[in-house]
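Quick notes on the structure that follows.
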Amino acid sequence: MSLNTFGRLFSFTTWGESHGPAIGCVVDGVPPRLALSEADIQPYLDRRKPGTSRFVTQRREPDQVRILSGVFEGQTTGAPVSLMIDNVDARSKDYGDIKDKYRPGHADYTYDQKYGIRDYRGGGRSSARETASRVAAGAVARKVLGDGVRIRGAMVQMGTETIDRSRWNWDEVGNNPFFSPDADVVSHWEKYLDEVRSEQSSVGAIIEVVAEGVPAGWGAPLYAKLDADLASAMMSINAVKGVEIGAGFGAASLRGEVNSDEMRMQNGKVAFLSNYAGGILGGISSGQDIVVRFAVKPTSSLPTPRRTVTQSGADADIATKGRHDPCVGIRAVPVGEAMLAVVLADHMLLHRGQVG
């Protein structure tokens, strides 16, 4: 299986399967002499790991990361940084009944068509378990970016239920199981998701990730557009079906004089009067906040019987057992942050390499 690597100068390659002994990644292009330890990575993995509330899968994985290479005496050496996370709570027996059936909405059928073999245990390589490796790589990317760039994410919509943006408070994101910046919507979302789960169903979500402190000039005007790479990064996350930058699809309904992000000089610097562009113009960062949103589809693994076919070509019904997220978008928040960090670290190094 090829194409498991993302990035150019700063890149990472993930490896491992959902029910294998471990997962991990190799991060390449990390500059030398950066302070790095497991303690720099673990807090981000703790935000993504399963079992943190009743609203996510109850698979119990500590997601404890180990640095295997690329760090000496607490500093990066410039060599590839290899990271490993053990799988300790896989229940492969939960998937025994469906090993010959294709789960609707999953990659079972397409994997089988492409490779002629598939790991049915939790989806194997196509499982969202792989995103833990991305979060680990994203933690390293944040060290490359430094403290001047701040990356945060939040869930802004669950199913049909949205936040009230007038109540947006970043400090609330860490105070609830939904990464919601709107404290007032949390109790409503709890009731809503409990009802969805009691009906043996699932819902999707929209996640917003924001990077502050990115200077103007990162990116390229043609085939390495910063927004194009961000779209690719977010679309590569499991279950993501749509991405928008800034106003996104909403820009189609705006008039040109509104959408154009007018400018004025303030204290000797260019200041934008709005940010419909999401911090990127012509594929290059403008110095404004970079704003990305992505849509996550409902979890496809359902206990409700669904129609499918078998590998041998027979019609069948399927009900997926096991432990699954009723809204997989919840744990996608730290994953989106990580992919934003990786793209920015890559473009920071690309910018430095081209213009000094």
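The values are calculated or read from the model by the stated rules, or taken from the named source; none is laboratory data. This is a predicted model, so every value here is computed, not measured. Glycine gets a Cβ as well: all are built from the backbone with ideal geometry, and neighbour counts include every protein chain shown. What goes into the accessible areas is simple: the full protein's heavy atoms, side chains included, and nothing from ligands, DNA or RNA. Shrake-Rupley method; radii C 1.70, N 1.55, O 1.52, S 1.80 Å.
Look at the stretch 184-204: where a residue is assigned to a helix (DSSP H, G or I) and a partner is of a type in the set (Val, Ile, Thr), sitting 6+ places away or on another chain with Cβ atoms under 9 Å, you get 184/163; 185/162; 185/163; 192/160; 192/203; 193/203; 193/330; 196/203. Just so you know, in the stretch 240-258 the residues that are assigned to a loop (DSSP other than H, G, I, E, B) and open to solvent by 30 Å² or more (accessible area, probe 1.4 Å) include one that is nearest to residue 153 (Cα to Cα), and it is 254. How many residues, within the stretch 186-220, are open to solvent by 10 Å² or more (accessible area, probe 1.4 Å) and either farther than 20 Å from residue 162 by Cβ or over 22 Å from the mean Cα position of the chain (by Cα) (or both)? Total meeting the criteria: 21.
Being under 28 Å from residue 12 (Cβ atoms), surrounded by 14 or more Cβ atoms within 10 Å (Cβ to Cβ) and of a type in the set (Phe, Trp, Tyr) is true for just one of 120, 102. Which residue is that? Before the answer, list the steps.
Numbers: 102 fails: under 28 Å from residue 12 (Cβ atoms).
Only one candidate qualifies: 120.
Contact annotation: residue pairs with Cβ atoms under 6 Å, 6 or more positions apart or on different chains, pairing a residue in the stretch 239-262 that is under 29 Å from residue 298 (Cβ atoms) with a partner that is surrounded by 13 or more Cβ atoms within 10 Å (Cβ to Cβ) and among the aromatic types (Phe, Trp, Tyr), are 240/294; 243/294; 246/276; 247/276.
Report whether or not residue 135 is in contact with a helix residue (DSSP H, G or I) (Cβ under 6 Å, 6 or more places away or on another chain), assigned to a helix (DSSP H, G or I) and open to solvent by 10 Å² or more (accessible area, probe 1.4 Å). So residue 135 does not fit the description; no. Any residue at all in the stretch 294-303 that is open to solvent by less than 30 Å² (accessible area, probe 1.4 Å), closer than 30 Å to residue 116 by Cα, modelled with pLDDT of 95 or more and in contact with a strand residue (DSSP E or B) (Cβ under 9 Å, 6 or more places away or on another chain)? Yes: one or more hits.
Listed conditions (1) open to solvent by 20 Å² or more (accessible area, probe 1.4 Å); (2) under 23 Å from residue 235 (Cα atoms) are all met by residue 335, apart from (1). Scanning the stretch 323-355 for residues that are of a type in the set (Val, Ile, Thr), in contact with a helix residue (DSSP H, G or I) (Cβ under 9 Å, 6 or more places away or on another chain) and part of a helix (DSSP H, G or I) yields 333, 335, 342, 343. Once the stretch 171-185 is narrowed to residues that are of a type outside the set (D, E, K, R) and open to solvent by 60 Å² or more (accessible area, probe 1.4 Å), the residue that is nearest to residue 46 (Cα to Cα) is 174.
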